[in-house]
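In what follows, a structure is listed as structure tokens, so that the remarks can point back to it.
Please treat every number below as a calculation from the coordinates, not as lab data. Computed from a predicted structure; not experimentally measured. No Cβ is skipped: glycine too gets one built from the backbone with ideal geometry, and neighbour counts run over all protein chains shown.
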Amino acid sequence: MAEFLASYNIIGPSTVSSSHSHPHHQELSSMLSSGSSISSSSITTNNPSLTTPTIPIPTCFIVPRQSAATPIALNESGIPPAVMDGFFTEEEIVRMKEAASKAMDELARLLRMNEPFWYRSTLNSSFILHRQSYDSTFHSVGLRCEARREASKDLRVVAMNGHKLVDIFLDSGKWVSMFPTIVKRAKTIQVLNSGLPGTRNGALQLMHGEIHILPPCIRAREFFFLRFNNSLTWKLPSGCLIHDMNNGYSTVTWVEHVEVSEHIETHPVFRDIVCGNGGFGAERWMSTLERMCERIVFALMDIMPSCDIGMIALPEGRKNVMELSERMVKVFCRYLDMTGNMELQYGQYHHNGVRLGIRASLEPGLPKGIILTASTSLWLPLLPQSLFNFLKDPSTRPMWDVLCHGNPVVQIQRISNGTFTDNFTTIIRRNDSRENKNTMVLQECCTDSLGSVVVYAPVSDDTLTATINGEDTTEIPILPSGFTICGDGSPPRGPCGCGPQEARHYGGSVLTMAIQVLVCNQDEMGHQLNMDIVHAVYGLACTTLHNIKAAMISSS
């Protein structure tokens, strides 16, 4: 059985406003009533948290069958109420379905066929779209001004059956949890058609999402999109084809094909990442899907894997720790770019490239009060794997972690999150001999071909005990800090540009660090911010960066 699900932009690069007017509603209605294709278009915004212009993208995925979420009031997120209330008429919905049905053939051919549309790169064997064949076959229209096209394709076998994958892709909350390092936020805004009972065939829902590359200096791509069960997009379709293999596995073929605005200049350090399909392309989605499916399988094991080491004796406790760690990573990625923060505009805080921002936190699962974030990205002349090995290794942690005060840490639990040994969760103990106390730290490390993440958060002994004993951890406050690592996008260099993997090397790595600290609790939120704490957090960030550079660059 093969199933499709796709999404496509209705309103594209957003600077989306919380204003009650929706200037593009009339334009969209006019296009639908005339039968025209809809192309991405900007929305002007007055929302200070979303004033950064973003880039259009249709993203597409697989078929779901779970009921979609009910409409959510999204004023807090800056989504116009007009979108929520009668955004599409019945006639408009019919025309969108017709457009999607006509476009499904294009997506199916791109997914199922290689030649004449795709050829293999001689550099890394990735799929490259043959633009002339595509344009002549599908009568593609020309590019908009200041735009370029991105196209990529990938195919893998993942450890999950097709029905579960479909369920995840139709549920916006599960979609974010499956792709925490890619999907920053997602909401189901309106269910336009719930589809047939059971199969959900024909389901159509309006959603809003933001996807990002983890270095926060690269702007997220924000978009409204329609997601269909068993049908797909119009201009430049993207999507997935899932074959359930009837053995708990599925073969997934993924195509990303988007038109991207070029009017936003990307820093030269990140341009290769953004423009080379590594950041937003199909391979990144598939790498994450493959890793997360395996993580879910390991979390549901009824026996303790032999590769796990530590004090947790029961599978239930192990699963609970993995769930808490998964939420920790999701929170870290969501706030990595400091969206919603009030940035502290003090000149002395910018000479090292460290940004400081504060935000009020009242949401469940986070400490309530004022949170201060210190964040920065920098390029280092190091292999991504070398940097990841250094940051994940408990024996080298005292070399960069200021709060270890030079004392060794003790790993008291290691939980495997998959067959690849670099994907794991640990519980470590930091020893502070000066104050004669120990601090427990929960840490998750994960990596794939396109990047790595090391995220950690302090946890109390009571929290750790409750988690291991299987108690509900969804409301336990956790405040993560950590790192993301990715190659700088430079192509591999070796003899003739090819050769064995070990003979290749890259130009360097982009390291992003974010440290979050609760500077005052909920009862003190009305008080003036203590600038001594601001200085201390800034100093912590700068010293951590200095320690990493000193240890790694001197050793290389």
Ordering 469-480, 510-521 by per-residue average of other C-beta atoms within 10 angstrom, highest first, gives 510-521, 469-480
Per the rule of 0.36 nm per residue minus the C-alpha distance, extending MET525 to ARG148 adds in nm 131.1 nm
Filtering trypsin sites (Lys or Arg not before Pro) in the range 362-460 by DSSP loop and by at most 16 other Cβ atoms within 10 Å leaves LYS368, ARG434
Residues other than CYS542 with Cβ under 15 Å of its Cβ, Lys/Arg counted +1 and Asp/Glu -1, net out at +1
Calc'd 3J(HN,Hα), the range 511-521, phi into Karplus 6.51 cos²θ - 1.76 cosθ + 1.60 (θ = phi - 60°), Hz, glycine/Pro = x, comes to 9, 10, 10, 9, 10, 10, 9, 7, 8, 7, 7
Amide H neighbours of GLN190 at under 5 Å, excluding residues fewer than 5 places away on the same chain, with H built from the backbone geometry, are LEU206
Amide H proximity to VAL459 below 5 Å, modelled H, separation 5+ or other chain, gives MET440, VAL441, LEU442
Given 461-467, 282-288, the highest-first ranking by average Cβ count within 10 Å works out to 282-288, 461-467
In order over the range 249-258: 3J(HN,Hα) from phi, Karplus 6.51/-1.76/1.60, θ = phi - 60°, whole Hz, x for each Gly or Pro, gives 10, 9, 9, 10, 10, 10, 10, 10, 9, 9
Env charge @ ILE371, Cβ radius under 12 Å, K,R +1 / D,E -1, value +1
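Of LYS97/LYS187; LYS184/LYS549; LYS187/LYS368; LYS97/LYS330; LYS174/LYS549; LYS319/LYS549, which sit over 27 Å apart, Cα to Cα?
Pairs exceeding the cut-off: LYS184/LYS549; LYS97/LYS330; LYS174/LYS549; LYS319/LYS549.
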Within the range 398-480, DSSP-loop chymotrypsin sites (Phe, Trp or Tyr not before Pro) with at most 14 other C-beta atoms within 10 Å are PHE420
Once Lys and Arg are counted +1 and Asp and Glu -1 for all other residues with Cβ under 15 Å from that of ASN530, the total becomes -3
Rounded to one decimal in nm, the spacing of the 7 Å Cα→Cβ label points at VAL402 and SER133 is 5.5 nm
